[in-house]
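A.B. asks: What follows is a single structure, and I will ask about it in a moment.
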């Protein structure tokens, strides 16, 4: 029987999604999230850290379930079970090529679903155990972190024998880790033709000099792309540097400052936002930041998002949902309207309130980009909160006074009746009684005057709050 395993459900038909969720809950699983697009699924997988993902193959949006599953497997190493009502050969071949943990045709029975989930979890646990036994713990954790690194990285031994490449290197070069493992670094990194020619022309004494920006990353098919390579060091358990870390910048990544600024209009807009001291960014339809100012970069850093992370798709950026939910952004592209809301953040133990303004940028009445502007309204929120507290105190005071006013009206008639009876019984027999009656009448009169003044003051205060 299931023991509280966490499941992420990715299904674009919400009725079906809710039915699956209900079945999972009844079987004892925990549903940590539901997504209807591939991009949203990747984001939620990173945030909710499920044990398994149920993935519908056909999803709304530009990314289908197979593409989303590939990214989730690359980034988070999670078992995937495909769900589909379509069993055509082409779709099946694409799905099988990923080696998913399971494949269910809709509609399916509860027992089929539970059996597939439990078998998938069991196989994944065995695979992880084997990996832990064959890979040092420090390396396993390191490679898991580097796999999610937003830029291409290669790890080698001191002698430059390849131990690891992340998914970014595989995507650019076309080589898998299996194809380059335990092979010399030269299979992936070489010299640009210009560097070779400069070294050949160098006069005596002969030496070989290759600058970091004179290198190429080799691709399958004998293709090469210019890169700049930075080198770091990795220490093991003995705190000795025993491996090299190569961080690769392609021309696209190296020119990130200009590419992020995008078209002139976006650049101009971002400069205005920077001058106004408002954190802001611009995102395109592929959920890539094409522009952001330094203020937003600083704000993102406070919640653990580095500038490197901002260069990757938003749905692959941890914690980015604090600023924008992928599903909301995708809906905004469809609807194309401006929106404004206030969201509460907790940063360094303190709560702050940020007003988020969403503005669609359109061309030919089609939304091409979305601008997000963030304004700190904590002071205004706190002032409003204090104002509401004062209003509440005043309201309570008014309520108490008006209750007292009602009580005074109720006791006024008995007092007046008592005075009348005293006057009838005593007549002019005693000056002391006359003085007492006169003082009581004066007191009742002053009470009436006081309530008139109170009503005027109350009306004046209510006009000003």
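Any read-out appearing in this document is the output of simple, stated calculations on the displayed coordinates, not a laboratory observation. Fair warning: this is a prediction, and the values are worked out from it, not measured in the lab. Counting neighbours? That spans all protein chains shown, and the Cβs are built from the backbone with ideal geometry, glycine included.
A.B. asks: Please state the relative contact order of the stretch 55-112 as a whole percent: Cα pairs under 8 Å, 6+ residues apart? If you can, show how the numbers build up before the last one.
C.D. replies: Working: 54 pairs, mean separation 19.2, N = 58.
So the answer I get is 33 percent.
A.B. asks: Between residue 128 and residue 181, what's the calculated FRET efficiency when r is the beta-carbon distance and R0 is 22 Å? Round to 0.05.
C.D. replies: Calculated value: 0.70.
A.B. asks: Once you have the alpha carbon radius of gyration of the stretch 6-134, what is it after dividing by 2.2 N^0.38 Å, with N set to its residue count?
C.D. replies: It is 0.98.
A.B. asks: May I pose another question? In Å and from the alpha-carbon atoms only, list the Rg and Dmax of the stretch 1-72.
C.D. replies: So, for the stretch 1-72, Rg and Dmax equal 11.5, 37 Å respectively.
A.B. asks: Evaluate the relative contact order of the stretch 6-134 (contact order divided by residue number), counting alpha-carbon pairs under 8 angstrom at least 6 apart; express in whole percent.
C.D. replies: It rounds to 21 percent for the stretch 6-134.
A.B. asks: Quick one: Kirkwood hydrodynamic radius for the stretch 296-350, alpha-carbon pairs, angstrom, one decimal?
C.D. replies: It works out to 12.6 Å.
A.B. asks: Rounded to the nearest 0.05, what FRET efficiency do residue 394 and residue 303 have when you use their Cβ-Cβ distance and R0 = 41 Å?
C.D. replies: After rounding to 0.05, the efficiency reads 0.60.
A.B. asks: A further question on this structure: So if we plug the beta-carbon distance of residue 19 and residue 285 into 1/(1 + (r/R0)^6) with R0 = 30 Å, what FRET efficiency do we get, rounded to 0.05?
C.D. replies: 0.45
A.B. asks: How many nm is it between the label spots at residue 209 and residue 30, if each spot is 7 Å from the Cα in line with the beta carbon?
C.D. replies: Placing both labels 7 Å beyond Cα along the Cβ direction yields 5.9 nm.
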